[in-house]
1. Please go through region 57-80 and give me each residue that is part of a helix (DSSP H, G or I), charged (D, E, K, R) and surrounded by 14 or more Cβ atoms within 10 Å (Cβ to Cβ), ordered by number.
2. Name the pairs: first residue in region 13-41 and in contact (Cβ under 8 Å) with a residue 12 or more places away in the chain, second residue β-branched (Val, Ile, Thr) and part of a helix (DSSP H, G or I), Cβ to Cβ under 8 Å, at least 6 apart or on different chains?
3. Of all residues in region 91-132, count the ones that are free of Cβ contacts under 8 Å to residues at least 60 places away in the same chain, under 19 Å from residue 80 (Cα atoms) and not in a loop (DSSP other than H, G, I, E, B).
4. Looking at the structure I just gave you, is residue 45 in a loop (DSSP other than H, G, I, E, B), over 12 Å from the mean Cα position of the chain (by Cα), more than 30 Å from residue 130 (Cβ to Cβ) and without any contact (Cβ under 8 Å) to a residue 24 or more places away in the chain?
5. Of all residues in region 23-42, which are assigned to a helix (DSSP H, G or I) and surrounded by 14 or more Cβ atoms within 10 Å (Cβ to Cβ)?
6. Condition first: in contact with a Cys (Cβ under 8 Å, 6 or more places away or on another chain) and closer than 30 Å to residue 48 by Cα. Now tell me which residues in region 73-132 satisfy that.
7. Might you check whether a residue that is touching a helix residue (DSSP H, G or I) at 6+ places or on another chain (Cβ under 9 Å) and loosely packed, with under 14 Cβ neighbours inside 10 Å occurs anywhere in region 85-99?
Amino acid sequence: MVAEPELLLLGAAIAVGLVQLMWAAAAARRQQDLKWAAGARDEAMPISGVAARLDRAFRNFMETFPLFAAAVLAVVIAGKAGDLSLWGSALYVVCRALYAPIYAAGTYMIRSLVWTLSLAGIVMVVAALFLA
């Protein structure tokens with residue numbers, strides 16, 4: 001049985017999320033001591049700079065990923081997978097992979113464009129449910 005390419009791209013998006021999680025955590029640990037990180041974390045220890053941007057990029061990923069995952073699963077289960085959902089899934093994954101390094105670099109405006117394109121990818125997948 002061959003998996004729908006959208007499901008493979010969903011797997012790729014999971015990998016992107018895991019990489020972003022590890023990258024953000026590693027950057028934060030460089031600013032926070034390990035004793036604090038291993039403890040109960042009752043007191044906040046703020047982070048700044050690149051570490052804070054990576055944390056925000058990961059949190060942003062976590063806001064959009066459930067929508068993407070639900071859209072992909074819905075389109076595949078409904079048997080509506082096709083070019084529109086494939087291109088939308090690919091657009092989402094590529095943009096989400098680019099988003100964290102662009103955000104970490106503090107690149108003006110490009111980050112917002114990439115974010116908008118990733119949302120357009122989700123919209124394309126959802127549209128496939130209704131148009132296919």
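What follows draws every value from the coordinates through simple rules; no lab data is involved. Since we're looking at a predicted model, the values are computed, not measured. FYI the Cβ positions are ideal-geometry reconstructions off the backbone, even for glycines, and counts take in every protein chain you see.
1. Initially, region 57-80 is screened for residues part of a helix (DSSP H, G or I), giving 57-77.
Within this subset, residues satisfying the condition of being charged (D, E, K, R) are 59, 63.
Correct list: empty.
2. Pairs found: 13/93; 16/93; 27/50.
3. 12
4. Working: in a loop (DSSP other than H, G, I, E, B): yes; over 12 Å from the mean Cα position of the chain (by Cα): yes; more than 30 Å from residue 130 (Cβ to Cβ): yes; without any contact (Cβ under 8 Å) to a residue 24 or more places away in the chain: yes.
It is true that residue 45 is in a loop (DSSP other than H, G, I, E, B), over 12 Å from the mean Cα position of the chain (by Cα), more than 30 Å from residue 130 (Cβ to Cβ) and without any contact (Cβ under 8 Å) to a residue 24 or more places away in the chain.
5. 23, 24, 25, 27, 28, 29, 36
6. Step one: filter region 73-132 for residues in contact with a Cys (Cβ under 8 Å, 6 or more places away or on another chain), giving 114-115, 117-118, 121.
Hits for region 73-132 are 114, 115, 117, 118.
7. Filtering region 85-99 for residues touching a helix residue (DSSP H, G or I) at 6+ places or on another chain (Cβ under 9 Å) gives 85-99.
Subsequent filtering for residues that are loosely packed, with under 14 Cβ neighbours inside 10 Å retains none.
Scanning region 85-99 turns up no residue that is touching a helix residue (DSSP H, G or I) at 6+ places or on another chain (Cβ under 9 Å) and loosely packed, with under 14 Cβ neighbours inside 10 Å.
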